[in-house]
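Take a look at the structure set out below.
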């Protein structure tokens, strides 16, 4: 069997979709021009919105107009597109999605992966959206002052909305939009997916309770994605009456269609990754950054001592990738392969040939949507105890949970699934059943409850 370093040159270039060179800065448009002109009024220079798909809202208006909802987010994230598009077709909701910036940075550069990423999807299609000017001089850096969107804050305060949905509260614009929504008499919905897993000093916990306790008094409803997130809200004094479960979801319909598209092509797909037809795949699919612990994944696979019919496929990009490749070469680890970044269609192929997904994150893995994706393909899961979705999607049903700092425990979990075919089959058999209820329709129903929209 060839080593990872021998495998990579022949096929890596064809899969690698990241553009490492920094592109010239893109303009920061005040808005995305579209078909809904004149709708935005004051605070929305340019007066245009990206058009939503045609739907049947006129019929709903005959019995009472749709609820006017503004969703405030930093910038488009591919995981959220299915939510925006679903709500754009909802006859009970008249949606505007208001962004603080076009991407993480002006040029689309993402520091977590040290590259400009092309997800292979249209980020602004299928829902009405607007990008507001960001006045922050620190717009291309992390931190509280990254987003200072005066027009957005004014729009939330004065716009014709019944409710404002804000994703997160980590920046100046988030906090000011929360205050503006309340001052403007709108119903405020907050979605913050944080959790309390992990060590914090007593002083930090006290400071957070004082600050966030006041902040969390503002929303009418707080949406939680799972048990760990709910416990987080409760820790800051949010009562049960203001909590609504809104599941963290991916586009299950898309991935189900991918399962059908790729059925029967396993040998062909494996060959494209340099994997032999009879070999079985352990998959790591994440950014190569410290909190995802890609090096622990590599070391655990090596320590598991699996037979030559098992390989580790490492999918992703990031600053740690060259470090890990050097480590693999130095230790002469075999059957470990790197693909670089894969877009949505290509990553589906990686899931389709995998027996199990490993997610060994050490902290701040507030959910782990990669688990949702893998379950759609019937993969078993090995996840650390710091992965937020473990209670709902993994524990006792689809795989094994291990202590996040224990490489031997991760190796043992991989070995257990690989060497116990009945257990592996049982976990994989549960996968699609577990994930079936975590879909965009369930999210839409939850948002209706949060907004007080009665079932039709």
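Before moving on, here are some points about what is shown:
- Some residue of the stretch 371-394 being touching a helix residue (DSSP H, G or I) at 6+ places or on another chain (Cβ under 6 Å) and either without any contact (Cβ under 8 Å) to a residue 24 or more places away in the chain or assigned by TED's automatic domain parsing to the domain that holds residue 225 (or both): yes
- For the stretch 414-428, residues that are outside any helix (DSSP H, G or I) and closer than 15 Å to residue 281 by Cβ total 0.
- The single condition among (1) under 20 Å from residue 421 (Cα atoms); (2) crowded, with 18+ Cβ neighbours inside 10 Å that residue 324 does not satisfy is (1).
- Scanning the stretch 385-403 for residues that are in a strand (DSSP E or B) and either on the phi > 0 side of the Ramachandran plot or crowded, with 24+ Cβ neighbours inside 10 Å (or both) yields 387, 399.
- Among the residues making up the stretch 310-339, those that are out of contact with any strand residue (DSSP E or B) (no Cβ under 8 Å at 6 or more places or on another chain) and not in a helix (DSSP H, G or I) are 318, 319, 320.
- Of the strands (runs of 3 or more DSSP E) contained entirely in the stretch 134-229, those carrying at least 3 residues that are touching a residue at least 60 places away in the same chain (Cβ under 8 Å), within 23 Å of residue 248 (Cβ to Cβ) and assigned by TED's automatic domain parsing to the domain that holds residue 96 fall at 163-167.
The values are calculated or read from the model by the stated rules, or taken from the named source; none is laboratory data. None of these values were measured; they are calculated from a predicted model. Note that we place each Cβ from the backbone using ideal geometry, even for glycine, and neighbour counts take in every protein chain shown.
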